[in-house]
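Heads up: the structure comes next, in structure tokens.
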Amino acid sequence: MIAPRSPLTVRVYRALLVLLLPAGFNDAFADDMLALFCELDRVARVRNGHIAALGNLVGELPGLLRLGIRERRTTRTIRAHQATTHLEENMFDALAQDLTFAARSLRRAPGFAIIAVLTLALGVGANTAIFSLVNGVLLTPLRLNDPERLVAIGESNKTSGPTAIGVTSPGSLFDWQARSRTLKIAGYSGTQGVLTGHGEPQQILGTRSIGGLFDVLGVRALIGRGLTLADEDPSAPQVIVLGYEAWQRYFEGDRDVLGKTLDLNGIPQTIVGVMPRGFTFPGAPNDFWAPSRFDAAFRANRDQYFIQVVGRLAPNTTIENARAELATVAAQLNRDWPLYNQGVRIVAQPLQESIVGGVRRQLVVLMGAVVFVLLITCANLGNLLLARASGRRREVAVRQALGAGRWRIIRQLLTESVLLSVAGGVVGLLVGRSFLKLLLAAAATTNLPRVEEISLDGRVLWFTLAVSVVAGLFFGCMPAWQLARGKSTDALREASRGNTGHQWARSMLVVSELALAMVLLTGAGLLLRSFDLLRRVDPGVKTDHVLTFTISLPKRDPTFFPRALAQVRALPGVQSAALVNQLPVSGRGIGAWFNRIDRPLPPGTNPTGEAYRVVTPEYFSAVGMSLKTGRLLTIADRRDVPAIVINEALAKKYYPGENPLGKEIYLGAPDNRLFDHAPIVGIVSDTRDAGLGSDPLPTVYIPLAVMPTWPFFSFVVRTAGDPTTIASATRAAIRSIDASLPVRNLQTLDDVVAAAVAPARWSTTLLGVFAGVALVIAVLGVFGVLSFIVTQRTRELGIRIALGASTGSVRRLVVMRGVTLVVVGLAIGLAGAVALTRFMSTLLFGVTPTDPLTYASVALLLLAAALLASYLPARRATRVDPIIALRAE
């Protein structure tokens, strides 16, 4: 306490303490501070009077101000922290209570919880698996240095699409390299070799670097180094870089592998590097990488097209700049080399797009399908929760009567839904993992790019979690709102009879399920019809009782294939055997310029490249191709007396309205012909070599005698019985001639044709499975709603029957309710299907996205399934005992 007659300076100091310092600080320290100031004030007055006491007060003011500011800031911080901590504790406690109550509630209804979790797991698992494909193929960047700056480059002409990227020749590649300033350019091509010294001889696949590929890609070797331009010099030592898997397979991960050799095609290759795990550019199996080693003459070659080209954009350069420069380069080459560059464009597009663009729409359609399955699943779960909500009206009403607010009820119910969805997501992740394994096993035959990069990575796990939580909120929000908005007095009055106000919500969800199922089933139906039409296409060959296999020679030997063919023909059960350099229905294969000697093109006009096949005379009978006119090839057709056979497609293209027999042609460039000239001696039937969904390719058939040093051939062996029974004998026949040669791709011709439709089969099967799941869930939704309605209207139906209503009229009453839902759902789904299936046009063959037969079939299927689902509750409704119904509350 301060005496009433204290000096003015002391009283002012006391007032400043009250004004400047927080109350809590004052309570604790003000008395001590005031006592100290009183002593200082007394000493000052004794020494120098009132002026000194006033100066003492002024001197204390800055420190007092700083102290006041600091303590008030500290007090505010402490209060904010205490408030936040209290709020967090309250939120944590509330969340813990909600989770505990939700778990207890679901434990009391185990049947409902199990059905809901498994239903959701199916939808989430399908989404997880398909998103893993989309993520690995489309979304994950290429495992290359700065991949967004890599572009694919190639040639295109007027007949190609705007984004078609073709291969080029060595001369063009090195011209592009020399003239481009916006791009660092290199090329590559597939290669293979016979590996010996590591068990049985085997064919391994690799990539040949042309013009410094590793420098463009910017990928470092795991061990040693990559290939350089110096390695491509023909006089440089023979070197090779191993892929990671080949390193593990042949050297068991030995890190001292550098300097060791690998025998390919009988030539020792010194290993100078091992690439990192997962590096598989250009997306195919890469056991090894080898330098090109072109001599000066072949570097200038302009009529052999086999090189794929990749480029890296220079700093501060866009792909549009590169395209403009490439257009200028194309114009220059057209002037410098008009024979080879007439009408040729140089096109460029992002490398990743060139790799995955062919499957983008296919994967997007599948992703859309599984999203629809998830939406249908959510709608069905919403119906389950609404049905459960009808039995919980009294429980919620009691909680409301005890003071629980609307948002508190909604939060509790949403917590149950999210808990349910997270459990479904965990099980769905396991389902998705198993489903993904099946997808990848099937994808091995569909040429899906980047398969090795597909996995359940962190992005997929986050996607699964997000889908699960969003699904829980989606299917839980309507039941939560319906329960929370009702009045507690109404619910208590309704007692156990339930709430008929939920019927409209359940009906709306069923209509949504049916509409989504209509869209999904329509898409699946279109693909199914398309696949059925594709399978019915005549491939142009007779595939039964035919065995095929491939042999590649490490070095030229014109005597090997005739000897091997004679050995195979001598095997028991073999009716005929032949050779061809490209199996039917397995792709275009190699081609060359087609030149009519009797009608040369005008100067400056390039001929069109056409596919050609090198065959032995028995090929046509072995695969079942028919002769249309003229004759087939014979052993008399030799290199000095050549003759060729063409197919109908080529005859229609080059000889419309005239007889091509006897007219001479040559293939290739004028200064680099496959043969000087040869007459057309016959026309054979077409084969669908570019795929069953494509038009027949114009094709020229050349006798083996004209090109005896061709390095690889496929054997076509027609047998009297099951062709697989002579597989071992054919291997033995080849080994009897050269034990170092591996027999590759031993399969029947049926398998070859099946591989041609594998991608279409894969997409159709997946979409069909998803559509089937959607149909079952939608039909269960109709059944559930009508069963619920019958249960709720037991009293009403009993009164109707008691008053004389016939069983038929009661049955029609219930069925018509189901039919109404179906008709509304089909109408909405029909509009959605018309809008969405047009994006599938590139996946279809022989049908349009608005095919009326498919739409009518899907609508009838859904209607029939829904009528069945409606009939069962209707049948139960007619068995209601009026006496029991009238006693019902």
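The values are calculated or read from the model by the stated rules, or taken from the named source; none is laboratory data. Because the structure is a prediction, the values reported are computed rather than measured. Here the Cβ positions follow ideal geometry from the backbone for every residue, glycine too, while neighbour counts run over all protein chains shown. Quick note on the areas: whole protein, heavy atoms, side chains included, nothing else; ligands and nucleic acids left out. Shrake-Rupley method; radii C 1.70, N 1.55, O 1.52, S 1.80 Å.
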Restricting to the stretch 596-640, and then to whatever is in a loop (DSSP other than H, G, I, E, B) and basic (K, R), can you tell me which residue is least open to solvent (accessible area, probe 1.4 Å)? R631
Counting only residues that are within 30 Å of A805 (Cβ to Cβ), out of contact with any Lys or Arg (no Cβ under 7 Å at 6 or more places or on another chain) and of a type in the set (G, A, S), which one in the stretch 830-876 is surrounded by the fewest Cβ atoms within 10 Å (Cβ to Cβ)? A864
Look at V216 and say whether it is in a helix (DSSP H, G or I), touching a residue at least 60 places away in the same chain (Cβ under 8 Å) and aliphatic (A, V, I, L, M). yes
Within the stretch 513-535, is there a residue that is among the basic types (K, R), closer than 30 Å to L741 by Cα and under 30 Å from the mean Cα position of the chain (by Cα)? no
Inspect all residues belonging to the stretch 679-699 and state whether any of them is at pLDDT 95 or above, touching a Gly at 6+ places or on another chain (Cβ under 7 Å), in a loop (DSSP other than H, G, I, E, B) and surrounded by fewer than 21 Cβ atoms within 10 Å (Cβ to Cβ). yes
Kindly list the number of the only condition in (1) touching a residue at least 24 places away in the same chain (Cβ under 8 Å); (2) surrounded by 17 or more Cβ atoms within 10 Å (Cβ to Cβ); (3) assigned to a loop (DSSP other than H, G, I, E, B) that fails for G721. (2)
Exactly one condition in (1) modelled with pLDDT of 75 or more; (2) open to solvent by less than 40 Å² (accessible area, probe 1.4 Å) is false for A15; which is it? (2)
Can you pull out the residues in the stretch 534-569 that are under 24 Å from I267 (Cα atoms) and either crowded, with 17+ Cβ neighbours inside 10 Å or not polar (S, T, N, Q) (or both)? T550, I551, L553, P554, K555, R556, D557, P558, F560, F561, A564
Looking for whichever is of a type in the set (A, V, I, L, M), at pLDDT 75 or above and in contact with a helix residue (DSSP H, G or I) (Cβ under 8 Å, 6 or more places away or on another chain) here; the options are L40, L36. Which one fits? L40
From L374, L363, L326, L384, residue being within 25 Å of D175 (Cβ to Cβ), outside any loop (DSSP other than H, G, I, E, B) and of a type outside the set (D, E, K, R): L326
In the stretch 220-232, the residues that are open to solvent by 70 Å² or more (accessible area, probe 1.4 Å) and assigned to a loop (DSSP other than H, G, I, E, B): R220, L222, R225
The listed residue being assigned to a loop (DSSP other than H, G, I, E, B) and more than 30 Å from T261 (Cβ to Cβ), out of A178, A152, A164: A164
Of the residues in the stretch 658-678, those that are open to solvent by 20 Å² or more (accessible area, probe 1.4 Å), assigned to a strand (DSSP E or B) and in contact with a strand residue (DSSP E or B) (Cβ under 7 Å, 6 or more places away or on another chain) come to E664, Y666, R673
Can you find a residue in the stretch 388-397 that is modelled with pLDDT under 75, surrounded by fewer than 20 Cβ atoms within 10 Å (Cβ to Cβ) and not in a helix (DSSP H, G or I)? yes
Mind counting the residues in the stretch 745-788 that are open to solvent by 50 Å² or more (accessible area, probe 1.4 Å) and either at pLDDT 85 or above or not basic (K, R) (or both)? 11
Return a yes/no flag: does the stretch 177-185 have any residue that is in contact with an Asp or Glu (Cβ under 9 Å, 6 or more places away or on another chain), at pLDDT 90 or above, open to solvent by 30 Å² or more (accessible area, probe 1.4 Å) and closer than 30 Å to L440 by Cβ. no
